[in-house]
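Notes to accompany the following structure.
The values are calculated or read from the model by the stated rules, or taken from the named source; none is laboratory data. As the structure is a computational prediction, the values presented were derived from the model and not from experiment. Here the Cβ positions follow ideal geometry from the backbone for every residue, glycine too, while neighbour counts run over all protein chains shown. Accessible surface is based on the protein model in full, side chains and every heavy atom, while ligands, DNA and RNA are left aside. Shrake-Rupley method; radii C 1.70, N 1.55, O 1.52, S 1.80 Å.
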Amino acid sequence: MAHVLVLTLVFPPDAVSTAQIVGEMAVDLRALGHRVSVVTTTPHYNHDPDLLARQPLRPWWGRLVQRSTLGGADVYHTTMPRKTASIPKRLAAWMLFHALSLVVGVAALRKVDVIVTPSPPLTMGLAAWLLGAWHRAPFVYLVNELYPDIAIALGVVRNRTVIRLLYALERFVYRRAAVIAPIAGRMRDRLLEKGVPADKVVLLPNFVDADALVPVPAPNALTRELGLDGRFIVSYAGNLGPAQGLETLLDAARLLRDLEHVVIVLIGAGTMWDTLERRIRDEALTNVRLVPYLPFARVPEIYGATHLSLVPLAASTGADAVPSKVFRIMACNGAVLAMTDAQSDLAQIVTDAGCGFVVDPGSPEAIAGAIRRAAADPAAVAAMGAGARQLVLGRYARPVVMARVSALLDDVLRTRS
């Protein structure tokens, strides 16, 4: 079997959802008989003591590079500071990771047959190409978010010279990758519009381990802990960042103050925490709760307690990303409130499953209106979510998607031979 190198910015025991997906992919590739090596970072998004206890890190090059194992995969973790809102600091951290990952990929690994690397950031493709050139191995570029498009749409990158350089890097990565695998249909269409040859583009959606997600219905430990038994709960669990457009949700919360039984619960961590906390306090939004990050083990409690789960995607980014949490929610038979453009991949998923509402992410009135309708008929909302799990099992379950990953790598390896 092949020696597969997974080059990724996040990986367990980091508890962010992308890390979990990549970790499960590595474990499954190892179970298929491949030798799997991973070059990644130390946890810097979500620290989960339980995950760290199960996958302890051991010093290798001191604290600069540490090692662990996951499901038989050998994992090298380069040091990485906690995620920050400072763009210069984040760029410096990425540069450190790329430098160390190249050294580890050259010095520690032998006879790599194929490299798999997920984006973002876009520079992952450049690092994969450099390591591929050293090992004479092709690389598969997994497109989780379209960069630099999403950064431009969010206003993170405005300098025209920087934008031109990023688009040049994007074209370079697409030319050099053996396969480019977007996670959704509109992202695939955008790649084709950018001139990527159709025979290099393979649709490969994110997946969910549905067997690991059995919701714990309310009342449960979480509702008791938060004092929310008997309330109609609208929740969001995940990264609290600019890409989620959560400030518009707070605008909607102001319009729902008359519904005393409705509460919006925001669970997570991120660069928008202080801003959200300040607005909730200053505007006396007593119908909004801000809860720190909860470990993955409590996800069944979160979705079991929730009547309507929020999946927000900032305006103008609908063709650039699909939040993987939508599949977790659907696997738990949850109803979804998708705050996204009507033509987005996320909207299409929710519409196909008939499992919720799609609203304009920039309209507080539309968001509040959907929540108001849902709170008026909880039984109908529960029925919306009831069939979502079946769609997940057929299209997005871990065994289904991993079979496609395995077939894709077999094709790449045959072409290399």
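Nearest 20 debye, what's the magnitude of the dipole of segment 147-243 about its Cα centre given +1 on Lys and Arg Cβ and -1 on Asp and Glu Cβ?
That gives a dipole near 680 debye.
Which stretch or stretches of segment 270-305 have amide N atoms under 12 Å from the point lying 7 Å from residue 225's Cα along the Cα→Cβ direction?
Under 12 Å, as judged by backbone N against the label point of residue 225, lie 291-303 of segment 270-305.
Give the separation of the Cα centroids, segment 359-385 to segment 34-98, in Å.
39 Å
Taking only C-alpha pairs under 8 Å that are 6+ residues apart, what is the relative contact order of segment 125-248 in percent?
Relative contact order of segment 125-248: 21 percent.
With each run of n ≥ 4 DSSP H residues scored as -39500 (n - 2.57), what mean residue ellipticity at 222 nm is computed for the chain after dividing by its residue count and rounding to the nearest 500 deg cm²/dmol?
Helix contribution divided over all residues of the chain: -13000 deg cm²/dmol.
From the phi angles alone, apply the Karplus equation (6.51, -1.76, 1.60; θ = phi - 60°) to segment 8-17 and give each ³J(HN,Hα) in whole Hz, x where the residue is Gly or Pro.
For segment 8-17, the Karplus-derived couplings read 8, 6, 10, 6, x, x, 4, 9, 5, 4 Hz, x marking Gly and Pro.
Amide H of residue 291 versus every other amide H placed in the peptide plane: which residues, excluding those fewer than 5 positions away on the same chain, fall under 5 Å?
266, 267, 268
Under a 1.4 Å probe, what is the accessible area of the chain per residue, stated in Å²?
Values: 17370 Å² over 417 residues.
Solvent-accessible surface per residue comes out at 42 Å².
Under a 5 Å amide H to amide H cut-off, with H placed in plane at 1.01 Å, what residues pair with residue 6 once short-range neighbours are removed?
Excluding prolines and chain starts, which carry no amide H, the hits are 37, 38, 39, 116.
What lysines does residue 200 reach when the alpha-carbon gap must be under 28 Å and sequence neighbours fewer than 8 apart in one chain are set aside?
111, 325
Can you compute 3J(HN,Hα) from phi for each residue in segment 265-272, using the Karplus curve 6.51 cos²θ - 1.76 cosθ + 1.60 with θ = phi - 60°, rounded to whole Hz and x for Gly and Pro?
10, 10, 10, x, 8, x, 5, 9
Roughly what angle does helix 123-135 make with the longest principal axis of the chain, taking Cα atoms, 0 to 90 degrees, to the nearest 10?
Helix 123-135 and the main axis of the chain meet at about 30 degrees.
Using a 1.4 Å probe over the heavy atoms of the protein chains, calculate the carbon and sulfur portion of the accessible area of the chain as a whole percent. Before the final figure, lay out the partial values.
Numbers: 9660 of 17370 Å².
Of all accessible area on the chain, carbon and sulfur atoms account for 56 percent.
Can you give me the pair-distance distribution of the chain, C-alpha pairs, 20 Å bins, whole percents?
27, 59, 15, 0
Treating only the Cβ of Lys, Arg, Asp and Glu as charged (+1, +1, -1, -1), what charge dipole size does segment 45-189 show about its Cα centre? Round to the nearest 20 debye.
It comes to approximately 360 debye.
Around residue 397, under 10 Å between beta carbons, what's the net of Lys plus Arg minus Asp minus Glu among the other residues?
+1
Under the rule of at least 5 residues apart or a separate chain, name every residue whose amide H is placed under 5 Å from the amide H of residue 356.
The list, which skips near neighbours in sequence, is 336.
Karplus couplings for segment 335-342 from phi (6.51 cos²θ - 1.76 cosθ + 1.60, θ = phi - 60°), rounded to Hz, Gly and Pro as x?
Couplings: 7, 10, 10, 8, 8, 7, 4, 4 Hz.
Excluding residue 51 itself, what net charge comes from residues whose Cβ is under 15 Å from its Cβ, given Lys and Arg +1 and Asp and Glu -1?
Local charge sum for residue 51: -3.
Multiply the residue separation of residue 365 and residue 386 by 0.36 nm, subtract the distance between their alpha-carbon atoms, and state the gained length in nm to one decimal.
Going from the current span to full extension adds 4.9 nm.
Mind ranking 64-71, 135-142, 327-334 by how tightly packed they are, going by the mean number of other C-beta atoms within 10 angstrom, highest first? Numbers along the way, then the final one.
Working: 64-71: 17.8, 135-142: 21.6, 327-334: 27.6.
Packing order, densest peptide first, comes out as 327-334, 135-142, 64-71.
Place +1 on the Cβ of every Lys and Arg and -1 on the Cβ of every Asp and Glu in the chain, take the dipole about the Cα centre, and give the residue among 297, 21, 88 whose Cα lies farthest towards its positive end.
Positive-most Cα among the choices belongs to 88.
Could you work out how much longer the chain between residue 342 and residue 31 gets when fully extended? Use 0.36 nm per residue separation minus the Cα distance between them, nm to one decimal.
Once the chain is fully extended between residue 342 and residue 31, it gains 108.0 nm.
Kindly rank 14-24, 94-104 from highest to lowest mean number of other beta carbons found within 10 Å of each residue. Walk me through the numbers on the way to the answer.
Details: 14-24: 23.8, 94-104: 18.1.
Highest-to-lowest ranking by the protection proxy: 14-24, 94-104.
When Lys and Arg each count +1 and Asp and Glu each count -1, what net charge do the other residues less than 13 Å away from residue 119, Cβ to Cβ, add up to?
Result for the neighbourhood of residue 119: -4.
Need one word for segment 280-417: rounded, prolate or oblate. Basis is the Cα gyration tensor (sqrt eigenvalues a ≥ b ≥ c); a/c below 1.5 gives rounded, then a/b vs b/c decides.
Prolate is the answer for segment 280-417, as a/c is 1.5 or above and a/b outweighs b/c.
Suppose every Lys and Arg Cβ carries +1 and every Asp and Glu Cβ carries -1, with no other charges. What dipole size does the chain come out with about its Cα centre, to the nearest 20 debye? Don't skip to the end; give the middle numbers.
Numbers: 43 positive and 35 negative charges, 294 e Å.
So the magnitude is around 1420 debye.
Using packing as a proxy for protection, rank 260-267, 198-205, 388-395 so that the peptide with the highest average count of other Cβ atoms within 10 Å comes first.
Numbers: 260-267: 19.5, 198-205: 15.4, 388-395: 17.9.
Result, highest mean Cβ count within 10 Å first: 260-267, 388-395, 198-205.
Any idea how far the Cα center of segment 310-350 sits from the one of segment 112-178, in Å?
Answer, in whole Å: 24.
Have a look at segment 260-333 and give its Rg and Dmax from the Cα atoms, expressed in angstrom.
Every Cα atom of segment 260-333 included, Rg and Dmax give 13.8, 37 Å.
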